[in-house]
Structures are given as C-alpha cells and as structure tokens.
Amino acid sequence: MAQAAIELIGINKSFGAVRANRDINLEVARGTIHGIVGENGAGKSTLMSILYGFYQADSGEIRVGGKPVAINTSNDAIALGIGMVHQHFMLVDNFTVLENVILGAENDPLLKSSIAKARSELDRLEREYGLEVDPDAVIEELPVGLQQRVEILKALYRGAEILILDEPTGVLTPAEADHLFRILKQLKDQGKTIVLITHKLREIMAITDTVSVMRQGTMVATRVTKQTTVGELAELMVGRRVLLRVEKGQSEAGAIKLSVKNLTVKDSRGVTMVDNVSFDVRGGEIVGIAGVAGNGQSELLEAISGIRHAVSGEVMLDGKPIDLTGKADPGELRDRGLAHVPEDRHHVGLVLAFEENENSILGYHDDERYLKGLFLNVDAIMADAKDKIEKYDIRPGNPRLKTANFSGGNQQKIVLAREMEQDPGVLIVGQPTRGVDVGAIEFIHKRLIAMRDQGKAVLVVSVELDEIRSLSDRILVMFAGRVVGERGPEATEGELGLLMAGVEHQEAAE
Amino acid sequence: MSTPYAKLPAWADYGLIPLINLSVAFIVAGLVVVLVGENPFRAAVILVEGAFGKGTGIAFTLFYATTFIFTGLSVAVAAHCSLFNIGTEGQAYIGGLGIALVCLSLDSTLPWWLLFPLAIVASAAFGALWGFIPAYLQAKRGSHIVITTIMFNFIAASTMVYLLVGLLKPAGSQAPQTRNFVGGAELPKLNWVIELFGAKIRSAPLNICFLLALVMAFLVWLLIWRTKLGYEMRTYGHSPKAARYAGISETRIVLTAMMISGALAGMMALNPVMGDQHNVAIDFVSGAGYVGIAVALMGRLHPVGIVLAAILFGMLYQGGAELSFEMPSITRDMIVIIQGLVILFAGALEHMFRPYIQAIFASFSPKSVGMEAIKGKGA
Ligand SMILES: Nc1ncnc2c1ncn2[C@@H]1O[C@H](COP(=O)(O)OP(=O)(O)OP(=O)(O)O)[C@@H](O)[C@H]1O
Ligand SMILES: [Mg+2]
C-alpha cells in the first residue's frame, strides 16, 4: 500500500455534551480519493475541521506524510499542503473572485504584484481544470455553483497537496458534478490526495478508491470501494435498511391551488431571469422543476413567495392573486397557506446566530400561539421547538443550541419542520435535500409525499434529477428562464438531461 | 465563518476580554501620567478613591453613570437592529428641549411626581422624533444612517443654540440657557440611600433618574429578548434577507428601532436637567452621547454589561475630576485623554486582542472551545 498522506489516530472532540468525534482512526493513502460518508451530525465536518485546524481535537494525533504535526490554525494546515473546500462557502460576498482567491495569500502591501500573479495563475488553473469563472465577478452575484468553483480555485492556488472537499456536489447539477469529478481524477493522477465527504453514495461508488463510514461520532467501517455496495454503505451509515427511493402511490390531483401565468422576472441588472412562465399546481400533486442551477428557478420561487418583484404576469393562490410588486407581505401569504422552504437556508431560511427555538418560529412569529400580547411566549415556543425536534429527529435535540452549530442536514430539518408543521395548503420547496443524508432524504421525501397525499399542492425545485424524478408527479424543465418541457415521472434521466441543457429547445427554435 | 479561530467560552468573552482591554488602557494611560512626571500608581489610587472612596464620590459616579446608561442603551437598541446610531448626542439634546417646554410651562403648578412622568414622555418623544427623521431617510431614501445621524447632531446643536439665545432665554439674561426651574421640576435626590450605609454626602446630584435608568435597562432587556418586536429587530439585525423572508417590513422595523433608540437618548436629558441643573443650558449633553457608543460596545450590547460599563465611565468622570484637582500637572485635558484611551481599547479596539486570546485558548484548553453555544444564552 502506498504511503499514508494523512493519519488520524484516536481523535476525540466534544462540544459541551455532544461528542462529535470519538476515538477516530483514519488513514488516507497518498494519491487516492478517499470518501467519508455518514448521517447528518455524524461528525464528518468536525473531523475535517480538526484536520484543517479550525477546531483542535481534545485528544489524538495527526500525522501528515508520516510525521506527527500540530495543526492549530488553518494557516498551519495550509503550510502542510492541506486545502479545504467548505460545505458552507467561506467567501467574502462583496469581493471579486480574484480578491477572494488572493485573500490571505497576498504578499505585497499594494497587492499589485499579487493581483497580477493571481490573475495569470487563475487563468492557468481555470484552463487546466476547466474551472471557468470570471475573475472580476463579484461573489454575491454568482450562482452557488460558481461560488464553489472559486472555493476550489482558492485551495489550488494555495498549493494544496491534500484537498478536502466537504459536500462539494450538494449544489451542483449532475453535469457540473461530472465535471468536478473529472477535475478530481486529474488531481489524483498528479499525485494529489483527496478526501471527499458526500451524502451521495453514487458519487462514492463512481469516484473514490476507499470509503469510510461514520455514525454518531465513531468510525464504523472502512471499505475498498470496489468491494462494497450502495446498500451496504447506507445500512452502515444509518444502522438499518434504507429506502433509497421512496414508494409513492398514484396522485389524486384536485383543484388548482397555485397558478402561475406569464410570469416574467428580471434581476437587479435588468436581465430576464424568468421568461413568460406559466403552470399550475393542483392540490394532491407534486410538481417538480428541474434545471441546471441559475436558469431562473431561484427567481421563480422568490417571485411566487412574494419576496421578489416580478415585471409582469400573474400568480394566483387559491384563486386569489398575489401581489407581485415585490412589496407583498410574506407574512400575509403565510396566513393564506403558502409555506416556503427557501434554497438558501443560511441567509434566508434561518438566522444562524439565533437559538434553534428562535428559528423554529421565523416567519410565524406573528402567530398567537407563540405570543402573549406583545411578548414572546417563551414556554410555548420551547415546547413547540421540542415537539418539532422530536418529530423531525433534529440532532442534537437541544432547542437552546445556536443554529450555526447544527450540521447542515439538521439545519435543513429545522426549516422543513417549521414550514411543514404549519399545515400549509401550498408548499414551495427549494432544494429540499441539499446537504442531507440518505436517512434524512428518505424522511423528507416521505413527508413531502405525505403532504401531497393530504391534498396539499407541492412545488419542488431541485437540481437533483434523482430527487425530481422520484418525487414529482409532473416534471417541468427550466432552461434560460423558460419552461422548455413538461414530462411525467417516467421520463428518463437522459431525456431530462437534454432538456436541461436546452438541446431540444434550441433545435425546436431552429 | 470569517475568522479561522474557534469560539471562546462565555466567561472569557464577557469577563476576560473586557478586563484585558481595560488593563491595557490603564497601562497606556499610566505611561501618559509618567510622561508628565507623576506617579501613575498614586494617580490610580486617587482616581479610584475619588470615585468610590467617599459617599459624595459614589453619588457623583452614579450620577454620571445614569447618563451613560441611557445613552448606552440607546446605542445598543439600534445596534441590535444593525443600525449604528451616532445621533444619540443630538437626540439627547433635543430631548432636553422637550423637558424644557414641559418644565417651563408647568413647574410652578404641578408636583414633581406629576411633572416627572410628563417630562419623561416629552423627552422620549422629542428624542424619538430626532431619531425618526434619519431612520425615515434611510428606510425610504437610502441615506446612510451613520451620516445622517451625525449631521443631525449638528442640526440639533444649532437649533438649540438658536432657541437658547432667543426664545427660551429669559429677557435680560446674559446666559444662553432657560430660566431656572422651580418646585416640581426638581427631582428627589437619592443621596440618602448612600447615607444609609453610613457615608456622608455634602451635596451631590444623584437623583431618581438613576432608578429610572435601571428600570429602562430591564425594559430594554425585555424588549430585545422577550418581545416580538425585539425578535424582529434582531432578525433584521442579523440578516435583512431572513427578515424579508419572514415578512418583517424593513421600513417599519428601522423606524421603530430608531425611535426607541432616540427615545432612550432623549430620556438621558432628564438626569442633568431635572436632577441637577434645573435648567436647560447650552451644550448640556457634552459628549455623553458619544460615550454611549463606547459604553454599549464595552457592555456587549447587553443591558447588564451596559450598566456596568456606564458605572466604569462614571468612575472615570468623577475620579478624573478628583485627579486633576489633586495632581495639578494632570489637567482636565489629560483626563479626557485617559477616557479616550479607555474608549479606544474597550470600544474601538474591542477585537484587537481577541484573535490572540482565541489562539491561546485553542492551544491550551481545546475542550472549552465551542462550548459557549451550549452554555451561554443568546444574550
Ligand atoms: N461549534 C459547535 N458547537 C456545538 N456543537 C457542534 C459544533 N459543531 C458541530 N457540533 C455538533 O457536532 C456534531 C457533528 O457535527 P458535524 O458538523 O461534524 O456533522 P456532519 O457529519 O458534518 O453532518 P452533515 O452531514 O449534516 O454536514 C453535531 O451534533 C453538531 O451539532
Ligand atoms: Mg458536515
């Protein structure tokens, strides 16, 4: 076996009462791709944060290239050639791509030579790995998919030999993910070592050499990828058999609950993002919107939920119009039975600095149940939060914990619990299972289907084709702001993939 | 996450760091004292004794603290809504105008316990109005609140000068101030409370506004952490996008937060005007609004912290006065320098030592890192 690039020996890490890592041993061979899988909150990100110097282990040893090392800050890690692409991007929103890439790697006070050097280096990296990004684009104006490329470029720019990727494909389309994997393979061929955390077992099978499974803070197994199966991994992760595709019965579509007519939305620069889109969602059906990220789905959701101004068109909720001037009161729409799980849970769906219980009422804080006159009914809020924690198996089950300290999947469950438990008539969901583990995906999908079976209208936007196909009763494909096709759930991945790439659409136009 | 360092436990966050900042401020101030050829240790003793040594000193310290509690709370309320209200100074000044109008017209007819509530309402209303205008300009027209509140300090100052040399000045008087209030406009003193503990007080302005300040501190705590409005303010303060999503109107929340902030600033005027001077004189706020910024930052925007920080600054004011009296080579200006140093280290450079302390914590006691989230209430 090749020499180990990284060895972790007996790593322990607790956060108060939560034991995030216990006695973890892990060895990653040089020049391989090593996968780490595990449920939400299993401790994967914590382990990698220890390796990257973000946290310090309570006990245990780290060896890099056979030598014991102390990694107290991420600068130590970078100096040892360890680079990390975080699950939650660590970019400065109002900096440009170039500025973000050199941030922390600047080496002259006026930045002139840094910038020049970075520009040519970026150019090379972008060409070499096909990571095209406009170096002068401002981060906050880039879609998430591109922001991630910047993260990867950042690590490569710092000369990473060992690259840790924490759920890199959570935000990517299948095509983008394939692209990423080609890059990773290329890096591996050049002798770099890659640690890949992902919830998508398919990706593990496709690209890793070895894979380790974590459960509730412990390392339960390590397998050679070729000698294991998706089923075995899922079972190891959750400790029980998992339905990888949720069963669902025939839908019984009822009356139209949500109707969108000729909706057109422009972004702040005046670019048309949603172009004359029309569709209906009936009670008792799930309509899925597939599409490559950045083709107008986000803007569509925002316009429907009253957050974004629409240029023209009409949206009817239960036969009554929604104010599309961008001045709609989302609170009023909630009262009318519209619940919204936004794509961006970190900035929109949650206030990360809040305690869990405070987030479990966000948007419903006007509700009498949570109030005593002008005051918050703290007891009721806590009881309600505990109730949701129980029902949705949110871990750790502490409603006083700061939301930022929950793992990604559990944060998503906090949002979903809040929105679903309000018993809305119409539920619109952006990326329902982004960053969520297989067990929780099963759970969330079951809940969404249960909502449907109760006669609710459900609109799902997801870049996961698998998810769209297994949930939806009807699939709409968006490309360049338009709905370019409607298919049934039996549509093949290839067929949808072509639509998503705009192929059919362009042919039709010619 | 923007810092590569982990979180500190609560006791370090709220205890150790302020202590370190304060110590550094005093060390640097000590160097200044050495420079003018005095003994810094004796100076420190005089300062502390001047502030807490005798009953009169304590009463003065708490009198100044009262003023700073109001302005500190004012800054903090706005800050929880991520609004940087630099206009506390002007809002307090205009609050004084409200008090003047009430007192001038009613001081000889009403007893203090009727006049005081009226004056509270008037000062709060005038301060709120002065906070409302910049808030409106930000919410509706996008003018930045930092700029507009600064400008409104100047407008307040000019307006008050205009009124105090004109309309409000008694005919024939030379001083730019209102006539002295009588009867009901003189608030009861609290000095007897200190005297209960055996200390003697010659004369000091500590008055019931101190109690009002403590009540307001409690109410601000309630507002921020226990009311729906406070919840909305904090939501907006942390993430305007989340607030938008949650149906919280930006205009409404910005206006409300700034009006509350302005009201608290306005109420500050009660303390010097009705508790001490019994008139409204030119420039009676004299920088207390700006001190409020330091007090709020040092108190970590929490009412308990603000009360403690306010007492600290009260001590600096009172002890500083004693110091310049006892050590003539230390002038009033030097006292201002020392106060400035405290503001600099405790307020503006609050984060200077933090990364180092975090790094030290990370390497010595890894277990405590990150626990804050579980132990500390989101206060
Ligand atoms: N700073 C922190 N303070 C307190 N608890 C924390 C902190 N960071 C993580 N935890 C807890 O430690 C456990 C492990 O979290 P971690 O983020 O490592 O999980 P994960 O395996 O990456 O999950 P996911 O797949 O959802 O990203 C969780 O229970 C989490 O709530
Ligand atoms: Mg994680």
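The values are calculated or read from the model by the stated rules, or taken from the named source; none is laboratory data. If you're wondering where the values come from, they're calculated on a predicted model, not measured in any experiment. Positions of Cβ are backbone-derived with ideal geometry, glycine not excepted, and every protein chain shown enters the neighbour counts.
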Checklist line | Every residue from the range A:196-227 that is of a type in the set (S, T, N, Q), more than 20 Å from the chain's Cα centre (by Cα), buried (at least 22 other Cβ atoms within 10 Å of the Cβ) and within 16 Å of ligand 2 (Cβ to nearest atom) | finding: A:S212
Item checked: Checking A:K13 against (1) in contact with a strand residue (DSSP E or B) (Cβ under 6 Å, 6 or more places away or on another chain); (2) in a loop (DSSP other than H, G, I, E, B); (3) closer than 24 Å to A:G239 by Cα, the condition it does not meet -> (2)
Notebook entry, point to check: Does A:G326 satisfy the condition of being within 14 Å of chain B (Cβ to nearest Cβ), out of contact with any strand residue (DSSP E or B) (no Cβ under 9 Å at 6 or more places or on another chain) and at positive phi?
Noted result: yes
Margin query: Out of the residues in the range B:189-202 meeting the condition of being surrounded by fewer than 18 Cβ atoms within 10 Å (Cβ to Cβ) and in contact with a helix residue (DSSP H, G or I) (Cβ under 7 Å, 6 or more places away or on another chain), tell me which one is nearest to B:A213 (Cα to Cα).
Written below: B:E195
Notebook entry, point to check: How do the pairs read when you match residues in the range A:37-59 that are closer than 21 Å to A:I207 by Cα with residues anywhere that are of a type in the set (S, T, Y) and near ligand 2 (Cβ under 9 Å from one of its atoms), using Cβ under 8 Å and keeping only pairs 6 or more apart or on different chains?
Noted result: A:S45/A:S407
Notebook entry, point to check: Taking the range A:166-192 as the region of interest, how many residues are in contact with a Leu (Cβ under 9 Å, 6 or more places away or on another chain), in a helix (DSSP H, G or I), within 16 Å of ligand 1 (Cβ to nearest atom) and touching a residue at least 40 places away in the same chain (Cβ under 8 Å)?
Noted result: 1
Next item on the list: Give the number of residues within the range A:331-352 that are over 14 Å from B:A242 (Cα atoms), more than 9 Å from every other protein chain (Cβ to nearest Cβ) and not small (G, A, S).
Entry: 3
Margin query: Looking at the range A:389-400, can you tell me whether even one residue there is within 14 Å of chain B (Cβ to nearest Cβ) and part of a helix (DSSP H, G or I)?
Written below: no
Note to self: Looking for something within 16 Å of ligand 2 (Cβ to nearest atom), within 14 Å of chain B (Cβ to nearest Cβ) and not in a helix (DSSP H, G or I) - is there at least one such residue anywhere in the range A:406-424?
What the structure shows: yes
Check: Hey, among A:G485, A:G502, which residue is buried (at least 18 other Cβ atoms within 10 Å of the Cβ) and at pLDDT below 90?
Finding: A:G502
Next item on the list: Working only within the range A:382-431, note down all residues that are in contact with a Phe, Trp or Tyr (Cβ under 6 Å, 6 or more places away or on another chain) and either of a type in the set (K, R) or farther than 28 Å from A:G455 by Cα (or both).
Entry: A:T403, A:K413
Check: Quick check: anything in the range A:385-395 crowded, with 24+ Cβ neighbours inside 10 Å and within 16 Å of ligand 2 (Cβ to nearest atom)?
Finding: yes
Note to self: If A:R19 meets every condition in (1) of a type in the set (K, R); (2) more than 11 Å from chain B (Cβ to nearest Cβ); (3) buried (at least 22 other Cβ atoms within 10 Å of the Cβ) apart from one, which number is that one?
What the structure shows: (3)
Note to self: Take the conditions more than 14 Å from chain B (Cβ to nearest Cβ), within 16 Å of ligand 1 (Cβ to nearest atom) and at pLDDT 80 or above and apply them to A:V195. Does it pass?
What the structure shows: yes
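Rundown of residues vs (1) away from ligand 1 (no atom under 16 Å from the Cβ); (2) crowded, with 23+ Cβ neighbours inside 10 Å; (3) assigned by TED's automatic domain parsing to the domain that holds A:A234; (4) part of a strand (DSSP E or B), yes/no style:
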residue: A:I24; (1), (2), (3), (4): no, yes, yes, yes
residue: A:G31; (1), (2), (3), (4): yes, no, yes, no
residue: A:V37; (1), (2), (3), (4): no, yes, yes, yes
residue: A:N40; (1), (2), (3), (4): no, yes, yes, no
residue: A:L47; (1), (2), (3), (4): no, yes, yes, no
residue: A:Y55; (1), (2), (3), (4): no, yes, yes, no
residue: A:G60; (1), (2), (3), (4): no, no, yes, yes
Checklist line | Filtered residues of the range A:82-130 (kept if more than 16 Å from ligand 2 (Cβ to nearest atom), within 14 Å of chain B (Cβ to nearest Cβ) and either over 30 Å from A:I62 (Cα atoms) or outside any strand (DSSP E or B) (or both)) | finding: A:L91, A:V92, A:D93, A:N94, A:F95, A:N100, A:L103, A:G104, A:A105
Next item on the list: Scan the range B:188-195 and give yes if some residue there is away from chain A (no Cβ under 14 Å) and within 21 Å of B:N85 (Cα to Cα), otherwise no.
Entry: no
Next item on the list: Go through the range A:312-325 and count every residue that is under 17 Å from A:V277 (Cβ atoms) and surrounded by 14 or more Cβ atoms within 10 Å (Cβ to Cβ).
Entry: 7
Checklist line | Residue that is away from ligand 1 (no atom under 16 Å from the Cβ), away from chain B (no Cβ under 14 Å), part of a helix (DSSP H, G or I) and at pLDDT 80 or above, where the choices are A:L146, A:L156 | finding: A:L156
Next item on the list: Select, from A:G130, A:G53, A:G60, A:G81, the only residue that is at pLDDT below 90 and of a type in the set (G, A, S).
Entry: A:G130
Notebook entry, point to check: Take the residues of the range A:151-167 that are of a type outside the set (A, V, I, L, M) and more than 19 Å from A:T225 (Cα to Cα): which is nearest to ligand 2 (Cβ to nearest atom)?
Noted result: A:E151
Item checked: Among residues of the range A:425-471, those that are within 16 Å of ligand 2 (Cβ to nearest atom) and either among the basic types (K, R) or not assigned by TED's automatic domain parsing to the domain that holds A:R336 (or both), counted -> 1
